Amino acid sequence: MCGIVGVVGNKRAKEIVLTGLHKLEYRGYDSAGIMLSENAEFTVKKTPGRVAELEKEVVGIDGFSTGIGHTRWATHGEPKEENAHPHLSKSGRFGLVHNGVIENFSELKEKYLTDVTLAGETDSEVIVEVVDYFSRKGLDTMSAFTSMLKEVKGSYALALIDIEDDSRLFLAKHKSPLLIGLGEDFNLVGSDAMAMINETNQFVEIMDKERIVLTANTMTIYNENNEEVVRDAYTAEIDASDTEKGLYPHYMSKEIDEQPAVMRNLIQEYLTTEGASKIPTNIISDMIESDRIYIVGCGTSWHAGLVGKKMLEELTGIPVEVHLASEMGYDMPLLSKNPYFIFLTQSGETADSRQVLVKVNELGLPSLTITNVKGSTLSREATHTLLLHAGPEIAVASTKAYTSQIAVMLLLGKALGEEKNRKVAKELDLIHELSIVAGVMETLIDDKDVYDRLTREYLETTRNAFYIGRGLDYAVSLEGALKLKEISYIQAEGFAAGELKHGTIALIEEGTPVIGLISNEVTSAHTRGNIIEVESRGAKAMVIALEGLDKPGDDIVLPHVHSLLTPLVMAIPLQFIAYYASLHRDLDVDKPRNLAKSVTVE
């Protein structure tokens with residue numbers, strides 16, 4: 001849950017690495033470090049905190065052509081200088097950055113490092129010392145690096161500098177993302193394309209258990225059997241300007257505002273002007289044979305899956321199950337005869353989801369990854385991919401990826417339902433309905449002052465809050481609560497409204513904020529009854545209702561949209577409420593504590 005960037009063969013190494021680290025801060029940020037080297041002269045600087053702190057440490061340090069850098073989110077050892085990357089071996093010869101988790105680092109210490117006193121507590125420091133151990137036994141650097149890799153168990157993305165041969169970078173990958181970037185007379189490595197996009201748009205994938213020797217002009221890839229591999233580059237369709245905030249104070253506010261445009265992008269990408277689906281027919285033909293769809297995701301993606309379940313079942317008539325990847329990876333349920341798997345992931349690198357996908361592939365089952373990142377690991381390894389076309393999402397709290405995941409599943413459900421001759425799918429005009437959604441989103445986005453005021457009124461001083469709803473509103477309440485807790489640190493929980501009286505209502509006391517969501521005609525009266533129940537026990541209830549189901553005194557009224565599409569518009573005020581709750585508490589909206597954007601460890 002951290003980021004790597006490196007370069008070889010460019011005198012601007014410091015600038016390139018620091019720029020890349022800034023792009024990677026969204027992945028993890030409790031510490032940062034850089035190693036610069038040329039002709040056996042080198043420097044290593046590491047600091048707790050943000051990349052801006054690291055920049056202060058390297059002022060005036062220039063002229064190096066090889067460099068590696070790292071932003072860290074702690075897995076082993078607290079965030080302090082000794083545990084930050086790059087790690088330098090005690091001999092002073094090898095510097096290494098590492099993403100992932102080495103599961104057997106304690107065993108490696110006992111086996112190889114009994115005579116070494118480690119500076120910190122990380123698993124990463126252990127493996128650079130193991131490389132040094134094999135080097136001292138007489139092995140050349142690549143052989144020492146390979147010998148270390150044969151010993152480790154776990155996940156890793158690695159970049160290694162040998163001070164005595166610093167015109168080369170030694171790279172390896174297993175379960176953690178890593179890409180090569182091809183420049184002109186120099187080459188790069190990074191955890192994702194965004195870290196290198198200022199320098200190149202040409203990238204080469206690295207597969208699991210591959211090792212690479214990278215120089216300014218060459219790239220040699222070795223597979224697990226020590227065979228050389230030739231692989232073509234691909235062009236990344238990323239505009240570097242897309243990752244900038246522009247006039248926005250935070251990435252999160254920018255990304256909330258971009259959601260209407262994302263809806264219109266999806267219409268253009270997946271529907272013809274006549275409304276016919278442009279989803280590849282091989283995806284539909286695979287899915288039409290399935291007797292059950294399994295949606296797999298984590299966090300916000302899992303919440304999107306709960307919404308997608310209702311959409312897919314109604315439009316296709318196929319039963320759908322939604323599973324947490326972190327649970328399914330270790331506890332695969334009894335599968336149906338012809339299962340089909342959908343993986344929801346913003347980054348396409350989520351380790352828990354990939355663990356499930358590996359098992360699905362071992363079983364020879366068809367799969368679809370719905371992701372925002374072309375060429376990401378889950379995209380490459382699934383049978384099929386559908387892209388979210390949402391543009392880069394930088395803020396840790398996902399907003400536009402959530403609504404775009406829901407919209408893509410809706411488009412998929414309509415296409416599959418039409419192929420199955422389902423009347424409800426044929427009658428759903430998604431160009432019309434998604435266009436309405438985009439317009440409603442714009443209307444809601446214009447009401448920022450309302451959300452600011454309501455957030456102050458209901459959440460200014462509270463320590464906890466509840467979100468309640470039924471059906472799709474319950475699924476959205478889970479996401480609303482997650483947004484609030486992850487960036488404002490308010491203890492927030494989403495509940496099925498009818499379940500409150502089965503235990504949770506005991507937590508209601510004078511002034512407890514309860515946010516009630518009402519968008520379903522069948523259950524609206526029941527949810528209002530639940531709101532009255534909590535108010536009678538002292539709760540302070542904020543009501544968000546769909547037009548036509550609203551009552552005098554409701555706090556937010558959403559313009560009317562199709563009943564299946566209500567989560568797309570209900571999400572907007574909930575995202576803003578979380579945003580303003582964080583702002584009012586003077587917290588870091590885009591980079592909340594203890595969290596990282598791309599969760600690359602299980």
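Just so you know, in segment 87-107 the residues that are without any contact (Cβ under 8 Å) to a residue 60 or more places away in the chain and under 31 Å from the mean Cα position of the chain (by Cα) include one that is surrounded by the most Cβ atoms within 10 Å (Cβ to Cβ), and it is His87. Screening segment 486-518 for residues that are in a loop (DSSP other than H, G, I, E, B) and either under 31 Å from the mean Cα position of the chain (by Cα) or among the hydrophobic types (A, V, I, L, M, F, W, C) (or both) and picking the one that is nearest to Thr461 (Cα to Cα) gives Ile490. Pairing residues of segment 420-449 that are under 26 Å from Ile544 (Cα atoms) with residues that are of a type outside the set (A, V, I, L, M, F, W, C) and in a helix (DSSP H, G or I), at Cβ distances under 6 Å and at least 6 apart in sequence or on separate chains, gives Leu428/Lys414; Leu430/Lys414; Ala438/Pro260; Ala438/Arg264; Met441/Gln259; Met441/Pro260; Glu442/Pro260; Ile445/Asp257.
The set of residues from segment 543-587 being among the charged types (D, E, K, R) and either within 15 Å of Ile531 (Cβ to Cβ) or in contact with a Gly (Cβ under 7 Å, 6 or more places away or on another chain) (or both) comprises Asp550, Lys551, Asp554, Asp555.
For segment 203-211, does any single residue satisfy the condition of being over 27 Å from the mean Cα position of the chain (by Cα) and modelled with pLDDT of 90 or more? Explain how you work it out, then say what you get.
Residues of segment 203-211 that are over 27 Å from the mean Cα position of the chain (by Cα), as a first pass: none.
No, segment 203-211 has no match at all.
If you scan segment 145-179, which residues turn out to be hydrophobic (A, V, I, L, M, F, W, C), assigned to a helix (DSSP H, G or I) and within 23 Å of Gly9 (Cα to Cα)? Phe145, Ile163, listed by residue number.
Do the conditions hold for Ser477, that is, is it closer than 21 Å to Lys309 by Cα and either surrounded by 24 or more Cβ atoms within 10 Å (Cβ to Cβ) or in the same structural domain as Leu583 (by TED's automatic domain parsing) (or both)? Step through it out loud before you land on a result.
Details: closer than 21 Å to Lys309 by Cα: yes; either surrounded by 24 or more Cβ atoms within 10 Å (Cβ to Cβ) or in the same structural domain as Leu583 (by TED's automatic domain parsing) (or both): yes.
Answer is yes for this residue.
Taking segment 326-355 as the search range and keeping residues that are farther than 20 Å from Leu387 by Cα and of a type in the set (A, V, I, L, M), which one is nearest to the chain's Cα centre (by Cα)? Spell out how you get there, then give the answer.
Going residue by residue through segment 326-355, those that are farther than 20 Å from Leu387 by Cα are 326-339, 355.
Filter once more, keeping what is of a type in the set (A, V, I, L, M): 328, 332, 334-335.
On the way: Met328: 18, Met332: 23, Leu334: 28, Leu335: 27 Å.
If we take residues in segment 326-355 being farther than 20 Å from Leu387 by Cα and of a type in the set (A, V, I, L, M), then Met328 is nearest to the chain's Cα centre (by Cα).
In the set Val59, Val44, which member is in a loop (DSSP other than H, G, I, E, B), among the β-branched types (Val, Ile, Thr), assigned by TED's automatic domain parsing to the domain that holds Val8 and over 29 Å from the mean Cα position of the chain (by Cα)?
On the way: Val44 fails: in a loop (DSSP other than H, G, I, E, B).
From the options Val59, Val44, the qualifying one is Val59.
Go through the residues of segment 189-202 one by one and say whether even a single one is under 26 Å from Ser135 (Cα atoms) and not hydroxyl-bearing (Ser, Thr, Tyr). Yes, some residue in segment 189-202 is under 26 Å from Ser135 (Cα atoms) and not hydroxyl-bearing (Ser, Thr, Tyr).
Within segment 180-199, being closer than 22 Å to Glu393 by Cβ and either out of contact with any helix residue (DSSP H, G or I) (no Cβ under 9 Å at 6 or more places or on another chain) or touching a residue at least 60 places away in the same chain (Cβ under 8 Å) (or both) holds for Gly190, Ser191, Asp192, Ala193, Met194, Ala195, Met196, Ile197, Asn198, Glu199.
Only one residue in Ala465, Ala425, Ala481 is assigned to a helix (DSSP H, G or I), more than 25 Å from Glu258 (Cα to Cα) and either β-branched (Val, Ile, Thr) or at pLDDT 95 or above (or both). Which one? Break it down stepwise before answering.
Values: Ala465 fails: assigned to a helix (DSSP H, G or I); Ala481 fails: more than 25 Å from Glu258 (Cα to Cα).
One residue alone meets the criteria, Ala425.
Would it be correct to say that Glu255 is acidic (Asp, Glu), under 21 Å from Ile16 (Cβ atoms), surrounded by 15 or more Cβ atoms within 10 Å (Cβ to Cβ) and under 24 Å from the mean Cα position of the chain (by Cα)?
Values: acidic (Asp, Glu): yes; under 21 Å from Ile16 (Cβ atoms): no; surrounded by 15 or more Cβ atoms within 10 Å (Cβ to Cβ): yes; under 24 Å from the mean Cα position of the chain (by Cα): yes.
Taking the combined requirement at face value, the residue does not satisfy it.
The values are calculated or read from the model by the stated rules, or taken from the named source; none is laboratory data. Predicted model only: the values in this text are computed from it and were never measured. We place every Cβ from the backbone using ideal geometry, glycine too, and count neighbours over all the protein chains shown.
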